[in-house]
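Q: Here you go, one structure.
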Amino acid sequence: MRVEIQQLPASQLAGFRLEGPWELTVPQGFSRLSEWVQRNGLKGEWLAVYHGNPQQMPAERLQVDTGISVPSGFTLPPDSKGVQIRTIPAGCYAVSQVQVSDGDFAKPWREFADEWLPGSGYQRADGPSYDRYLNNGSQTGTWDYLICVAVEKVRRTDPRLM
């Protein structure tokens, strides 16, 4: 897995927040988002912003925001029940471009967490983890997207100070 550390600017998304196991809520959220986007003729990058850590909390408490990127000052159309505007904060992110063609969207995340992160010199920081989709793979079954994870350098304690 190739990962770059990047300083990303803040961005905004308009979309739906769902709670529950991501394998269920992400498809549900994108289905609702697709209907809302089509009804209102909107354009923007598609995102899934994950809240919670599936290794530390029950799947029923995990949350995801499925949305599209919108410019600052964006006003929701009248037909926007349940849609909220949220900010993805600026910060230091580990970014990796991945491709999924077998439907296993969790695989690149496992590779990131289990293989890349432990030896990287970085650790997860307070901040979001999200997918930024580069294409619509609903017709071909092949999805290209960026995994973005808020990170910070690992703080090492000098053993001589102990």
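Q: Is the range 95-107 home to any residue that is among the charged types (D, E, K, R) and in contact with a Leu (Cβ under 9 Å, 6 or more places away or on another chain)?
A: Scanning the range 95-107 turns up no residue that is among the charged types (D, E, K, R) and in contact with a Leu (Cβ under 9 Å, 6 or more places away or on another chain).
Q: Which residues, taken from the range 108-151, are surrounded by 17 or more Cβ atoms within 10 Å (Cβ to Cβ) and of a type in the set (Val, Ile, Thr)?
A: Across the range 108-151, the qualifying residues are 147, 149, 151.
Q: For the range 57-112, give me the residue count where each residue is in contact with a Gly (Cβ under 8 Å, 6 or more places away or on another chain) and either among the acidic types (Asp, Glu) or free of Cβ contacts under 8 Å to residues at least 40 places away in the same chain (or both).
A: Matching residues across the range 57-112 total 4.
Q: Could you list, in sequence order, all residues of the range 114-157 that are at pLDDT below 95, farther than 17 Å from residue 69 by Cα and under 12 Å from the mean Cα position of the chain (by Cα)?
A: Once the filter is applied, which keeps residues that are at pLDDT below 95, farther than 17 Å from residue 69 by Cα and under 12 Å from the mean Cα position of the chain (by Cα), the range 114-157 yields only 127.
Q: Applying the selection to the range 1-17, what residues are modelled with pLDDT of 95 or more and either open to solvent by 20 Å² or more (accessible area, probe 1.4 Å) or in a helix (DSSP H, G or I) (or both)?
A: 2, 3, 4, 5, 6, 7, 8, 9, 10, 11, 12, 17, listed by residue number.
Q: Report the residue count in the range 84-113 for those that are modelled with pLDDT of 95 or more and in a loop (DSSP other than H, G, I, E, B).
A: 2
Q: For the range 56-79, does any single residue satisfy the condition of being of a type outside the set (Phe, Trp, Tyr), within 13 Å of the chain's Cα centre (by Cα) and in a helix (DSSP H, G or I)?
A: Scanning the range 56-79, I find no residue that is of a type outside the set (Phe, Trp, Tyr), within 13 Å of the chain's Cα centre (by Cα) and in a helix (DSSP H, G or I), so the answer is no.
The values are calculated or read from the model by the stated rules, or taken from the named source; none is laboratory data. Every value quoted in this text rests on a predicted model; they were computed, and no experiment measured them. Neighbour counts run over all protein chains shown; Cβ positions are idealised from the backbone, glycine included. Heavy atoms of the whole protein, side chains included, go into the accessibility calculation; ligands, DNA and RNA do not. Shrake-Rupley method; radii C 1.70, N 1.55, O 1.52, S 1.80 Å.
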